[in-house]
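Read the structure below first, then the notes.
The values are calculated or read from the model by the stated rules, or taken from the named source; none is laboratory data. In this text, all values refer to a predicted model and were calculated from it rather than measured experimentally. In this analysis, Cβ positions are derived from the backbone assuming ideal geometry, glycine residues included, and neighbour counts consider all displayed protein chains. These area figures cover heavy atoms from the full protein model, side chains too; ligands, DNA and RNA do not enter into them. Shrake-Rupley method; radii C 1.70, N 1.55, O 1.52, S 1.80 Å.
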Amino acid sequence: MKIHHRSQNPEIFRATDHADFDRSWPVFMQHNPTGHLYYGELDTVADYVLLATDGDEPVAKAYSTPFAFGGPGRETLPDGGWDEVIRWQHADRLAGRERNAATALEIVVRKERQGTGLASVMVNALRDNAFRLGHDVLYAPVRPSRKADEPETPMSEYAFRVRDDGLPYDAWLRVHVRAGGRIVKVCPVSMTIPGTLAQWREWTGLPFDADGPVLVEGALSPVHVSVAQDSAVYVEPNVWVEHRRP
């Protein structure tokens, strides 16, 4: 297994941009309007983008970015989670601010390699890479993997549920904690995905023909529908996890 940095070997990354990686996210999650501020500018954060290969085979990717933290208006991690930290890092780059922290954003493992421990390898690789680049901390707005099984449970309850051994109930949160991470807080409005009812029907195959909350497969919370306004909005809660340099 070898870890590559996009800045060192951009060709191998570009060759996998359209490879058959399973992002493990439902179709509607691929329509987050904030994502293009990051994924459309990967060459500007190339040191923070990693690829794992097994021999010549690409098997996992990991995405992170630096951002400025601790200044006015940024004293605490944002309730806006994934969306907000992407907006922060984009604004920081345009303004030329010093970026003193780093955040993980996504880990992608090939479908046939899922469940083999690669996710843990990539969490550790992102953490170690952030430390290598001079950061004392890597944050992550984590999307708990099993929360979609109980979308109506408040994240404030789910995130802090533990097993008998004291580790988080959720498998993805467990990976982070075993890697040395600490759950900091819930970010209740981490991702916001709006769409017309026609778009939501296309993304999910559901009718979206009545007002109120709709449970969608893969969603961590209900989607809220207004037929009169011809719109539906999904607001996803995530969990901020902190990985500090030992």
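So which of ALA60, ALA52 ends up being under 30 Å from GLY205 (Cβ atoms) and in a strand (DSSP E or B)? First the steps, then the outcome.
On the way: ALA52 fails: under 30 Å from GLY205 (Cβ atoms).
Matching residue, one of ALA60, ALA52: ALA60.
The sole residue among ASP79, ASP47 that is in contact with a Pro (Cβ under 7 Å, 6 or more places away or on another chain), among the charged types (D, E, K, R) and not in a strand (DSSP E or B) is ASP79.
Does ILE12 qualify as being farther than 21 Å from TYR139 by Cα and over 19 Å from the mean Cα position of the chain (by Cα)? Spell out how you get there, then give the answer.
Values: farther than 21 Å from TYR139 by Cα: yes; over 19 Å from the mean Cα position of the chain (by Cα): yes.
Yes: the conditions hold for ILE12.
Applying a threshold of 6 Å to beta carbon distances and a minimum spacing of six or more residues, or different chains, the list of pairs starting in the stretch 103-132 at a residue that is over 13 Å from HIS176 (Cβ atoms) and outside any helix (DSSP H, G or I) and ending at one that is among the basic types (Lys, Arg) and open to solvent by less than 30 Å² (accessible area, probe 1.4 Å) reads VAL108/LYS61.
Residues of the stretch 97-154 that are of a type outside the set (A, V, I, L, M), within 30 Å of PRO213 (Cβ to Cβ) and in contact with a Gly (Cβ under 8 Å, 6 or more places away or on another chain): PRO141 alone.
For the stretch 28-60, taking the residues that are over 26 Å from VAL235 (Cα atoms) and among the hydroxyl-bearing types (Ser, Thr, Tyr), the one that is least open to solvent (accessible area, probe 1.4 Å) is identified as THR53.
Taking the stated definitions as given, is PRO246 assigned to a loop (DSSP other than H, G, I, E, B) and under 26 Å from PHE67 (Cβ atoms)? Spelling it out, PRO246 is indeed assigned to a loop (DSSP other than H, G, I, E, B) and under 26 Å from PHE67 (Cβ atoms).
If the condition is being of a type in the set (Gly, Ala, Ser) and either surrounded by 16 or more Cβ atoms within 10 Å (Cβ to Cβ) or touching an Asp or Glu at 6+ places or on another chain (Cβ under 7 Å) (or both), then the stretch 135-170 contributes ALA140, SER145, ALA148, ALA159.
Looking only at residues in the stretch 171-200 that are open to solvent by 50 Å² or more (accessible area, probe 1.4 Å) and of a type in the set (A, V, I, L, M), which one is nearest to VAL142 (Cα to Cα)? Restricting to residues being open to solvent by 50 Å² or more (accessible area, probe 1.4 Å) and of a type in the set (A, V, I, L, M), the top hit is VAL184.
Residue-level analysis places TRP203 among those that are of a type outside the set (Val, Ile, Thr), surrounded by 13 or more Cβ atoms within 10 Å (Cβ to Cβ) and touching a helix residue (DSSP H, G or I) at 6+ places or on another chain (Cβ under 6 Å).
Selection of the stretch 209-235 for residues being in a strand (DSSP E or B) and either surrounded by fewer than 20 Cβ atoms within 10 Å (Cβ to Cβ) or aliphatic (A, V, I, L, M) (or both) yields GLY212, PRO213, VAL214, VAL223, HIS224, VAL225, SER226, SER231, ALA232, VAL233, VAL235.
Can SER190 be described as touching an Asp or Glu at 6+ places or on another chain (Cβ under 6 Å), in contact (Cβ under 8 Å) with a residue 40 or more places away in the chain and under 29 Å from HIS36 (Cα atoms)?
Working: touching an Asp or Glu at 6+ places or on another chain (Cβ under 6 Å): yes; in contact (Cβ under 8 Å) with a residue 40 or more places away in the chain: yes; under 29 Å from HIS36 (Cα atoms): yes.
Yes.
Is it the case that PRO246 is open to solvent by 20 Å² or more (accessible area, probe 1.4 Å) and either over 23 Å from the mean Cα position of the chain (by Cα) or at pLDDT 95 or above (or both)? Yes; evaluated as a whole, the condition is true for this residue. When the residues of the stretch 108-134 are filtered to those that are open to solvent by 40 Å² or more (accessible area, probe 1.4 Å) and among the hydrophobic types (A, V, I, L, M, F, W, C), the one that is nearest to HIS4 (Cα to Cα) is VAL121.
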